[in-house]
1. Would you mind calculating the gained length between K77 and R336 on full extension (0.36 nm times residue separation, minus the Cα-Cα distance), in nm to one decimal?
2. Along its three principal axes, how long is region 277-352 when you only count alpha carbons? Whole Å, largest extent first please.
3. Where q = 0.10 Å⁻¹, what log10 of I(q)/I(0) comes from the Debye formula for the chain, counting one point per Cα?
4. Among DSSP bridges having both ends in the chain, what percentage is antiparallel? Round to the nearest 5.
5. If you count only protein heavy atoms with a 1.4 Å probe, what accessible area per residue comes out for the chain, rounded to a whole Å²?
6. Let me spell out the model: positive unit charges on the Cβ of Lys and Arg, negative unit charges on the Cβ of Asp and Glu, origin at the Cα centre of region 22-215. What dipole size does that give, in debye rounded to 20?
7. At R0 = 45 Å, how high is the FRET efficiency between R422 and Y188 if r is their beta carbon distance? Nearest 0.05 is fine.
8. Relative to the longest principal axis of the chain, what angle (0 to 90°, nearest 10) does the C-alpha long axis of helix 230-242 take?
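The values are calculated or read from the model by the stated rules, or taken from the named source; none is laboratory data. Every value quoted in this text rests on a predicted model; they were computed, and no experiment measured them. Here the Cβ positions follow ideal geometry from the backbone for every residue, glycine too, while neighbour counts run over all protein chains shown. We work out accessible area using only protein heavy atoms, side chains counted, and drop any ligands, DNA or RNA first. Shrake-Rupley method; radii C 1.70, N 1.55, O 1.52, S 1.80 Å.
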Amino acid sequence: MDIVVSCLKKGLRGEIVIPADKSISHRAVMFSALAKGKSTIKNFLYAADCRSTAGLFKNLGVDIEFINENTLTVNSKGILSPYLPPLDCGNSGTTMRLVSGILAGQRFDSTLIGDESLSKRPMKRVITPLSLMGAEIESNDGRAPLKIHGTALHSIEYNSPIASAQVKSSILLAGLSADGVTTVIEPYKSRNHTEILLEYMGADIAVEENRVSIQKSSLTARDIFVAGDISSAAFFIVAALIVPDSDIIIRNVGLNETRTGIIDVVKRMGGNLEILDERIVSGEKIGDLRIRYSDLKSCEINGADIPRLIDELPVIALLATQAEGETRITNAEDLRNKEADRITAVVTEFRKLGIDIDELPDGFIINGKQKIAGGSEVEVYHDHRLAMTLYIAGLIAKKETLVKEFQWVDISMPEFLSLIQRL
Ligand code: S3P
């Protein structure tokens, strides 16, 4: 589905409730599948990636029933059943990497496959530590398909070379069934939804700054309410900041401090963003955000910022085009390993819209206060976040923008168009 976006003549106004968090929705299904008993998951993200996870655990013999799109029950015996055909992770890196850690310690063999984009993404980052735990995984030179020969695992202490929640979570999930204490140390703290939800479900887990340890544990089924996704909210936050005369409220936004890098950046840039009514759901902080059109100034984004806003960087690069001065984003080399190479893709497609942006090996340099020309066709490279970023760019471009294959938005936010139209 190609879509034409034209310049907005007036500001975004009103309120939306942001759809559920993708990372937490995946984990809610996975951990409930490992727990004995019945869990009800409320406010689940009914998007393609999370449906891949639910479908995969159904194939592994777990009783998963959707009461409606956003509520499901997971009824599990606490053990998974063998499934001989390949298990399809679709476009979802989180599914493939976390499930690898779960399947490595099972008593049966399994094969994980993914779509064209996922089949190109690096899996050595999980194969290496899991192999150190005794896992037997065959791959296509470090990429999917992954053939996992289930076996007994032993604990390790792993110094991860990258701050990646997917790597950390894969090891911790393997550690759930391994003998001894499994520890992961990260260079910077990555998102900690695995730690929060595993603790909520009774795992023996301890966190000390960037160091997480887990012991063999069984999980208890619990009801889980999934917080809203700040990575999805990011598109509306940026839209309100850059479309003149905007003033919006976004409700139920997850405000876990390992994810709120975008809020810090918006504040550093002088953006008008207020947090209202903070509260806790299933161990996670949430709140409502009010965002108004703002005069922005540039800033530097690097180091420990990066894991706290990694998925928001394409739309933050767009935000920077509207700020006074030059914004440098560095230390974000892992952006090249996402659903697309998000550094080259952003630079290539932004330039088609007439944006002045320089490519760095590990990020971007963006000049501020730019007028966006538009009047062109842009590609999304099978990448939902690029699709939404380019759509928002179109809202302030002088001429119409044609975003090709916009249906990729379904990976994380099928509701995107109806929400933006409501505003
Ligand atoms: C995710 C972690 C991040 C993020 C991805 C979801 C997760 O990846 O980019 O969209 O749910 O754990 P890395 O852990 O590889 O940085």
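1. Value of the extension gain: 89.3 nm.
2. 41, 32, 23
3. -0.65
4. 70 percent
5. 37 Å²
6. 260 debye
7. Approximately 0.80, to the nearest 0.05.
8. So the inclination is approximately 10 degrees.
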